[in-house]
Amino acid sequence: MIDYDSFGPEKVIEVYNPKVGMRGFVVIDNTALGPGKGGIRMTPSVSKEEVVRLARTMTLKCALADLPFGGAKSGIIADSNQINEKEKKEIIVAFSKALKIVCPNMYIAAPDMNMGEKEMEIFAKANGSKLSCTGKPKSMGGIPHELGSTGFGVYHATVIACDHKKIKLKESTVAIEGFGNVGYFVAKYLSEAGAKIVAVSDSHGVAHMKEGIDFETLSKVKKQTGSVVNYNKCKHLHCPDIIKIDADILITAAIPDLIKANDVDDLKFKIIVEGSNIPMSGEVEELLHKKNILVVPDFVANAGGVISSYIEYIGGTQKEMFNLVKKKIRKNTDIILKESKRKKCKPRDIALEIAKKRIYKKCNICAVQI
Ligand code: NAD
């Protein structure tokens, strides 16, 4: 079931090509501020409903980051571990061609789970327009997400959250869910800043080590063996158990709905920074707020990727990208956390208020319904 409201979704498109086994969705949530911007997720479980929720997150994220983009998202149902490179390419080409009706005028794609610069190159070439997606390789004039813009932004959101909670980053302990594009870079920057990483997960499970995990060694282990769980002498846990870790900070950087309402009582974290999109519902965030656990919402913390996309879109440089990500993420996180403290409400409420005001201002239909 899709909930339509005064923002959207404006378009929900299902695409299917039995010849290459491509099935997917594109959801253009709201284009009041510009063409819908949002990544392509390739997972076996992605659903229309998930894409609808993610597209709304993008609408809010772009508005909050004050970018001339609306919100959108797309999903391809496929298990990238079960298909070969040729099959993956055929699926992306078919998906891109099917999206020509909206792309790049109403929708501009980007990488998301299991999609990177290589896939964006395939997408842009099949679409016929370089503007059809961002996160392309440097050789195509792109700024690849592989540079770690999102993780860099999540790191800065974490620094600001620690200031607000009066936690010294150098003395803090951290658990990180996911060690892909986002999780890897957050782990890198946090360990460089002196935080102790005590647990990291990927799709194979959790590597837990109270004494601290060395980032460089972990990266090598992941590269050589395919999983963080092979980190020497660490304790192994199942994926969902990352939320049971005793640490000051949890960074989410993998799946949606990681934390459910009935998990809340057992959580020991002081701060949760949502590097992934929709790692919990608004209701769960409310429960955490009541428990005095500070949650930095996804569309505040993980906007680094779309800020990078904007810099690519206007033909800017890598250096400009990192500067803008740092500036915007720190400023927005700080404003939102200060205001939520002043108004005694959860950070998401403040972030939503700011983002929605910007969209209402541009969107007459929505303004009528305030
Ligand atoms: P990715 O595909 O590069 O990495 C995903 C990681 O999650 C991998 O390490 C995978 O092994 C791990 N994983 C999968 N299932 C897991 C599970 N059940 N438990 C623990 N780990 C699991 O994806 P990514 O680009 O890092 O994206 C991660 C999240 O961040 C997604 O929610 C995505 O929407 C969000 N996000 C990404 C970007 C970006 O620029 N990449 C931007 C904004 C938001």
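Within the set of other residues whose C-beta is less than 14 Å from the C-beta of Arg358, count the net charge using Lys and Arg as +1 and Asp and Glu as -1. Computed value for this residue: +4. Tell me whether the stretch 149-356 comes out rounded, prolate or oblate; compute the Cα gyration tensor, take square roots of the eigenvalues as a ≥ b ≥ c, and use a/c under 1.5 as the rounded threshold. It is oblate, given that a/c is not under 1.5 and a/b is not larger than b/c. Beta bridges per DSSP, both residues in the chain: antiparallel share near 45 percent.
How much net charge surrounds Phe152 when only other residues with a Cβ under 10 Å from its Cβ are counted (Lys, Arg +1; Asp, Glu -1)? For residues surrounding Phe152, the net value is +2.
Beta bridges assigned by DSSP with both partners in the stretch 1-129 are antiparallel in approximately 60 percent of cases. Remark: the Met140-Ile335 segment gains 66.6 nm on full extension, using 0.36 nm per residue and subtracting the alpha carbon distance. Relative to the Cα centre, the charge distribution of the stretch 149-356, modelled as +1 at Lys and Arg Cβ and -1 at Asp and Glu Cβ, gives a dipole magnitude of about 680 debye. Working from Cα pairs under 8 Å separated by at least six residues, relative contact order for the chain is 16 percent. The overall shape of the chain, judged from the alpha-carbon gyration tensor, is oblate: a/c is not under 1.5, and a/b is no greater than b/c. Comparing Asn332, Asn30, Asn292 in a Gaussian network model of the chain where C-alpha atoms under 10 Å apart are linked, the largest mean-square fluctuation is found at Asn292. At full extension, Ser47 and Glu85 could sit 11.4 nm farther apart than now, given 0.36 nm per residue minus the alpha carbon distance.
Beta bridges per DSSP, both residues in the stretch 149-356: antiparallel share near 30 percent.
In the chain, the DSSP-assigned H stretches of four residues or longer account for a calculated mean residue ellipticity at 222 nm of -13000 deg cm²/dmol, using -39500 (n - 2.57) per stretch and the full residue count as denominator. Simple spin-label estimate for Lys291 and Asn17 gives 4.5 nm between the two label positions (7 Å along the Cα-to-Cβ direction from each Cα).
Values quoted throughout were computed directly from the atomic coordinates according to the rules given, and no laboratory measurement underlies them. What you are looking at is a predicted structure, and each value in this text was computed from that prediction instead of being measured. Positions of Cβ are backbone-derived with ideal geometry, glycine not excepted, and every protein chain shown enters the neighbour counts.
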